[in-house]
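Report on one structure; see the data block that follows.
The values are calculated or read from the model by the stated rules, or taken from the named source; none is laboratory data. Note that the structure is a prediction, hence the values are computed from the model and not measured. Reconstructed Cβ throughout: ideal geometry from the backbone, glycine too, with neighbour counts over all protein chains shown.
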Amino acid sequence: MSIASMRKALTGVSGVPVTAYDGGGEVEPRITAKVYARAAAAGIHNIVAAGNTGEFYALTPQEIRIVHEAAVAGVDGQAPVTAAVGRSLREAIGMARDAAAMGASAVMSHQPVDPFAAPSAQIDYFCNLADASALPLVAYVRAEGFSVAEIVRLANHGNIAGIKFATTDLMLLSRAIPAADPNGALFVCGLAESWAPTFTAAGARGFTSGLVNVAPKLSLAVHDALERGDFAAARAIVGKLEPFERMRTKFRSGANVTVVKEAVTYSGLDVGPVRAPGLPQLDQQDREELHRLLRGWEAEGDIQTQPDRQAVKAAG
């Protein structure tokens, strides 16, 4: 995919599906592909394979490859597939090479997690990876402490399609956007629907979402409202999904993926528990609260459940 086409896709919703595990805790590619197929069928604009909602850091490099393959198969050309890569720079380059060979549209580099990473060297990491990648790169910026000049250097790289900006440093964002080349990387809200109105007001376009796993209609409704400039409508939808997103922040966001996977299993696809160090499963009180919320969304037509949902619930 050309970098211009990838930037266009990034103005939409970048959905991040979960990774399914079988009863033995191994990656289940068939169910994982179904999760990706559902996101594509819902009309999600860009689909990120093995992102944080896909438990990137709990997967081995070989398992990440399996998830990438399942994503490409499940999406089946209906949307761009952005393959998440990371770890050491050499590993990330190898993953990017594999992603290109299997038919991905772009790669997204996770933020380096080295405890001694310096801000300027983290920008070097992204730029060096972009230099080596045959596919356009999305840089996932989660750390604090970057200067405007460093973010601009990243945004102006010729093979960086977008910056997934996932910190609440809105001052940095609002200063970096006008300072960067307007024909360079797109700044994308990396903190999902709840923050999307604020980031859009600061000049970002598009947003990432884990909600697409279970309620893509709500995600797309937020996006459509923001594209129209109707911030009141966007905030109203965000208010509707706020209990779901707030539950994900429990235990310092340790429940983030757990809530999503429980919701996907409720909808009829048993995707298994979250791997450590994430919260494996919700406690009974949170599970019941989540199910009440999902029943309400289901009654309003915001989510669709599989015919075998009752069988899945009974098995759980």
| Going by the conditions given, is Gly184 closer than 19 Å to Arg7 by Cα and among the small types (Gly, Ala, Ser)? | yes
| For region 33-42, does any single residue satisfy the condition of being in contact with a Lys or Arg (Cβ under 9 Å, 6 or more places away or on another chain) and either crowded, with 21+ Cβ neighbours inside 10 Å or at pLDDT 95 or above (or both)? | yes
| said: Show the residue pairs meeting these rules: Cβ distance below 6 Å; 6+ apart or different chains; first residue within region 211-236 and over 24 Å from Ala255 (Cα atoms); second residue crowded, with 21+ Cβ neighbours inside 10 Å and of a type in the set (Val, Ile, Thr). | reply: Ala221/Ile237; His223/Val13; Leu226/Thr200; Ala234/Val222
| note | Residue count, region 40-84, condition under 13 Å from Thr19 (Cα atoms), over 12 Å from the mean Cα position of the chain (by Cα) and not charged (D, E, K, R), comes to 11
| note | Screening Leu211, Leu226, Leu279 for residues that are closer than 27 Å to Ile31 by Cβ and over 16 Å from the mean Cα position of the chain (by Cα) leaves only Leu279
| query | Do we find that Gly268 is touching a Pro at 6+ places or on another chain (Cβ under 9 Å), of a type outside the set (A, V, I, L, M, F, W, C) and surrounded by 15 or more Cβ atoms within 10 Å (Cβ to Cβ) in this structure? | reply | yes
| Long-range neighbours under 9 Å by Cβ, at least six apart or interchain, first residue within 19 Å of Asn52 (Cα to Cα) within region 136-161, second acidic (Asp, Glu) | Glu144/Asp169
| task | Check Ala149, Ala143 and return the single one that is modelled with pLDDT under 95 and either within 19 Å of Gly94 (Cα to Cα) or surrounded by fewer than 21 Cβ atoms within 10 Å (Cβ to Cβ) (or both). | result | Ala143
